[in-house]
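Readers should treat all values here as calculations from the given coordinates under stated rules, not as data from a laboratory. Please read these numbers as outputs of a predicted model, since none were measured by experiment. Quick reminder, even Gly has a Cβ in these numbers, built from the backbone with ideal geometry, and neighbours come from all protein chains shown.
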Amino acid sequence: MSGGIAAYKAATLLSRLVQRGHDVQVLMTAGATQFVTPLTFEALSGRAVGVQTTDQPMGPISHVKLGNWAEVLAVVPATVGILSRMAIGQPTDLLSLTYMSYQGPVVVAPAMEPKMWQHPQTVAHCERLKTEGVQIYGPVAGHLASGETGWGRLIDTDFLVRAIEHAADARELSHTRVLITGASTWEHFDPVRALTNPSTGMMGFELAQEAAFRGAQVIYVHGPGGAQFGTLHPNILPVAVTNAKEMYDAVFHHIEDTNIMVSAAAVSDFRPERMAAQKLHKDSVSDCWQMIRNPDILQDVGQRYGDRKFLVGFAAETENVVESALKKLERKRLDLVVANQVGAHQGFGSSDHRAHLLDRYGGRQTLDPMTKEQSARIIWDRIIQLLKRDHNV
């Protein structure tokens, strides 16, 4: 970590990484120690903190030992000074010296004032680091310590945890374009009433994030609220829609240029035959509503692209989960289906996920209750395994 006001956020990041089972060695620039003391990070990491080039947190020639020991080097926050030293190769502290000794994946999260971030030298240093494979995330726009508002805030901690965990596989899907649908659709009776379902979009969001962290270019077509769960990865293009017809049009607008489609949206099967232009008052509403069937997005995709795209569907069922999912796998010409039981306190709206992965080769895998972030990781692992099998890799 380097010396900026965002240094205090590094303590939260360190705590999260340790809680998730990672071993973390903290290196601070002298400037960083003016914002937060090394003792804070020693307590959280259980390791001595290194600052000067002569410090030896791992014994003699610590910068070499650290370069061999680390699986990921993350610089959080990264100021103008450390970006400059990394870009031009000027190791004046243990952090920049270790960077020169390290050949693995590097994650950098800049945080500074907007004018400093936009300065031509900062832009040039970041571009040079990117050409060397450094993964730079942020900064994001917001209120800054100076009172200004602009691009300069450190990207959020949850995002950085995943960026660090995925640093080693950030190129796994680098030549892949993915289309993902998520959240529910709203089918309006009038401007204030709609037919929908309890899906929040968390699963679609996590699947989009996971693909992007592995290097894919992702088009994320989502219903209302489907992108509310955190900072979207810069590789994700969000496409917000409201109803099933809009989602259908968006999918077919984008799918031609994609390799993989993951249909995680909970699309309404029906919509009102007509939507009233104004709010319908109770005394003027009939007891019966005339409904019509929405087009089946995934089935139409399967019929038109089943031989050319890798297709993944979700089967949310209240009973006969596996049996219904297998029928869906065949009927919609899918490569993989994620079958999960929904109902009271499970499935929709829950942060936990339990599912069965069923593929066209007859493979079956059960996911015990886990977070949707963990589930998304396993689903993408399985997609990649099946893609390699298709291509005999």
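Spin-label model, V285 to R47: label points 7 Å out along the Cα-to-beta-carbon direction sit 6.0 nm apart. Stretched out straight at 0.36 nm per residue, the stretch from E148 to R16 would grow longer than its current Cα-Cα span by 44.6 nm. Can you compute the FRET efficiency between H253 and Q374 using 1/(1 + (r/R0)^6), with r the Cβ-Cβ distance and R0 = 25 Å? Round to the nearest 0.05. Computed FRET efficiency for H253 and Q374 comes out at 0.20. In this structure, R128 and D23 have a Cβ-Cβ separation that, at R0 = 25 Å, corresponds to a calculated FRET efficiency of about 0.25. Straightening the chain between L39 and E273 buys 77.7 nm, computed as 0.36 nm per residue apart minus the Cα-Cα spacing. Pairs from the list K65/K115; K130/K388; K245/K332; K328/K372 with a Cα-Cα gap above 26 Å: K65/K115; K130/K388. Mean separation of Cα pairs under 8 Å and 6 or more residues apart, divided by the residue count, gives the chain a relative contact order of 10 percent. Considering only A266, A109, A194, the Gaussian network model of the chain with Cα springs below 10 Å gives its largest mean-square fluctuation to A194. Under 5 Å between amide hydrogens, built in the peptide plane, is the criterion, and for L195 it picks out E187, H188, F189 among residues at least 5 positions away or on other chains.
When the GluC sites (Glu not before Pro) in region 244-338 are filtered for DSSP coil states and for at most 10 other beta-carbon atoms within 10 Å of their beta-carbon, the remaining sites are E273, E319. Here's how it looks for F314: its modeled amide H is under 5 Å from those of S263, V338, which are all 5 or more places away or on a different chain. In this rough spin-label picture, where each label sits 7 Å from Cα along the Cβ direction, the H188-D307 distance is 4.1 nm.
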